[in-house]
Amino acid sequence: MKDHKQHAAEKSAGNSDISSPKHCLNCGALLTGSYCSACGQKDVELHESFWHLLAHFTGDFFHFDSKFFRTMIPLMVKPGFLTNEYIRGKRASYMKPVQLYIFVSVVFFLIYFSFFSTHLINPTDVHENPAALLSDSALKKDSLLIARLKAMPVPDAEQVIDSLNRLSVNSVLDSVLDQSESPISVRSGNQQPNVVRFTVNDAENLPKTVEAYKDSINKLPKDRRPGLIRQAIDIKTIEIDQRRREEGTASLLEALQENFMHNIPKLMFLLLPFFALILKLLYVRKNVYLVDHAIFTLHFHSFLFLLLLLLAFINLIPGVHLGFLYFFLLMSIYLIFAMRKVYSQSWVKTISKVFATYFLYTLALTIVVVVGLMISAASL
């Protein structure tokens, strides 16, 4: 009996030492209240009951829930409000801008890729709309040609379309090259011309396999071999052309589109600094910190994702089709009011800077899209 009491006393003393409120269990700092002044952790029991954990979870959930709605409603209906609140230091009541952007963008792409079609060209639709794969606008309107393509098997139709596309591009580029004073060429390190020529028929003039291409390169003298960058481009061209011949043009375009669609979230994230820098350039006399422009950027792009998602759901209603014009109009109205509220300039200056923002942002968007397409093609 005595041993049992002694053991219980030692256990109680051990637990008292472990869970002592005098020192933080997380960082070991001396506690002066219910929360650690060094790391912020609350003085908690080591072994909480199930009901205590459930109460914590419920409280945290509704705390996030209240922040969520307190953030989303002004984000959608009060342009510039959240940015001003953040700049003034009123931040605890709302979701953080970075947290908001990540949350909204993840939800957007998850829902959009799951429930909405992202396929611009379907390989199985070549019969129904073969003109979708034609590059020449005049050929797209040739009803007799389209009717004949529909009557062909899909592989044969794709071969005809590919040949027509090549002829169309070749005729245009050949006329340009005929008027050129000098051939287009790639020079090696010793600046000798005509080692490798860029032509329309690069894929046709190259060997059909990568192995054959490497063998042909190895047979050339070192001073006449193309550079490493050119070799990498040629190899990727051969691989893509080989895949096109095996799987068809439509299937290749579908794969390129899928790669590009999966790169869009990364590309959108890369665009954020461009937008913030554009605002810094347009409001250089306002002495606004770049980080404040970044906060505005995060809030605005979060709104854009929600707007796109809202329009996508509205378009599911039979007979309703809200196209890009509606999106552009709503985006412009929102941006004008947001910039007016945050930067406090006249309507004329604000509207002019909105259109200047569109122009500069379109240039940045074009660059990022081209880079994205190159990355997507390289990963085929």
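Since every read-out is calculated from the coordinates, none of them should be taken as a lab result. Computed from a predicted structure; not experimentally measured. FYI the Cβ positions are ideal-geometry reconstructions off the backbone, even for glycines, and counts take in every protein chain you see.
Applying the Karplus relation 6.51 cos²θ - 1.76 cosθ + 1.60 with θ = phi - 60° to the range 315-327 yields 3J(HN,Hα) values of 5, 6, 5, x, x, 10, 9, 9, x, 4, 4, 5, 4 Hz, where x marks Gly and Pro.
Rounded if a/c is under 1.5, else prolate if a/b beats b/c, else oblate: with a ≥ b ≥ c from the C-alpha gyration tensor eigenvalues square-rooted, which is the range 300-380? Walk me through the numbers before you get to the answer.
Numbers: a/c = 2.59, a/b = 1.19, b/c = 2.18.
Cα axes put the range 300-380 in the oblate bin.
Each residue of the range 88-100 was assigned a 3J(HN,Hα) from its phi angle through the Karplus expression (A = 6.51, B = -1.76, C = 1.60, θ = phi - 60°), giving 7, x, 8, 10, 5, 7, 10, 5, 5, x, 5, 4, 4 Hz with x at Gly and Pro.
Whole-Hz Karplus values for the range 254-262 come out as 5, 5, 4, 5, 5, 4, 5, 4, 6 Hz, taken residue by residue from phi with 6.51 cos²θ - 1.76 cosθ + 1.60 and θ = phi - 60°; glycine and proline positions read x. A cut-off of 5 Å between modelled amide H atoms, ignoring neighbours fewer than 5 places along the same chain, links residue 23 with 31. Rounded to the nearest 0.05, what FRET efficiency do residue 245 and residue 370 have when you use their Cβ-Cβ distance and R0 = 22 Å? Efficiency computed from Cβ-Cβ geometry: 0.25.
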